[in-house]
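Okay, so here's the structure we're looking at.
The values are calculated or read from the model by the stated rules, or taken from the named source; none is laboratory data. Since the structure is predicted, the reported quantities are computational estimates derived from the model, not experimental observations. Counting neighbours? That spans all protein chains shown, and the Cβs are built from the backbone with ideal geometry, glycine included. Surface areas here come from the heavy atoms of the whole protein model, side chains and all, with no ligands, DNA or RNA. Shrake-Rupley method; radii C 1.70, N 1.55, O 1.52, S 1.80 Å.
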Amino acid sequence: MNEISIILIEDHDLTRMGLRAALQANTGIKVIGEAANATQGLKLLETAKPDVAVVDIGLPDMDGIELTRKFRRYQAESGQTHTKILILTMDHTEDAVLAAFAAGADSYYMKETSISRLTEAIQATFGGNSWIDPAIANVVLQKMRQGIPGESQSSDKPKTVKIEALPSEYEQVLETYPLTQRELEILELIVAGCSNGQIAEKLYITVGTVKTHVRNILNKLCADDRTQAAVRALRSGLVA
């Protein structure tokens, strides 16, 4: 397996040096560049073309979310799309999490988590999967709950939630087959880390029924796995 090439965009010198040393100790990862601010970081992203960029939100000249947004725009214009973005931060507020994913971040990692987990996050991000730090799971759940319209009102028609801001082929699937309230309940429990058996117990349904709902959720969100489904729902935005 080839080494994963990464760049570090982090303004604190000691933090950046520590990250580099720790990541370089992993034989599967190679740090090919560093930047102390967003302006340098953008130039480095364009020239070095790393597999994964680890980007701090709190950069001095431009925050990491705006950097991500500008780099995604550059990628769309240049056709250089393979670089993934992993946001590194201490901020797990709803605004920061939602803004990061909306800007195009692939993964969101909290700084206080161990370096071994950061390695896992980088590997998952490089593999095309989105890493959601457990610390922000509640933000994901909160956003999903906000998307359920009129919970207090009864209706014979199942409540649904439309997912927008997705590629056109995904939108067509979701317009025809929107997520039902039951599917959102199951998606919420998936993000919370529940197994199929635990979901069945909590919702008083069979494991077979849970599996069917999970399969439908993945199909509707065009996701390969549960984590990707949760991130895709978050990044696209849930509206009533």
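Tabulated results
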item	result
Residue satisfying condition, being at pLDDT below 90 and at negative phi, within set ALA48, ALA76, ALA35	ALA76
Any hit, the range 38-46, residues being surrounded by 16 or more Cβ atoms within 10 Å (Cβ to Cβ) and closer than 20 Å to PRO134 by Cβ	no
Condition met for THR89 (open to solvent by less than 20 Å² (accessible area, probe 1.4 Å), in contact with an Asp or Glu (Cβ under 8 Å, 6 or more places away or on another chain) and at pLDDT below 90)	yes
Filter pass, LEU221 being under 20 Å from PHE101 (Cα atoms) and at pLDDT 55 or above	yes
Members of the range 12-36 found to be open to solvent by 30 Å² or more (accessible area, probe 1.4 Å), within 12 Å of PRO50 (Cβ to Cβ) and in contact with a Leu (Cβ under 7 Å, 6 or more places away or on another chain), listed by number	GLU34
Residue within the range 182-202 that is of a type in the set (S, T, N, Q), at pLDDT below 75 and surrounded by fewer than 16 Cβ atoms within 10 Å (Cβ to Cβ) present	no
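Yes/no per residue for (1) polar (S, T, N, Q); (2) open to solvent by less than 50 Å² (accessible area, probe 1.4 Å); (3) modelled with pLDDT of 90 or more; (4) within 11 Å of ILE9 (Cα to Cα):
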site: ALA53; (1), (2), (3), (4): no, yes, yes, yes
site: THR93; (1), (2), (3), (4): yes, no, no, no
site: MET110; (1), (2), (3), (4): no, yes, no, no
site: ASP133; (1), (2), (3), (4): no, yes, no, no
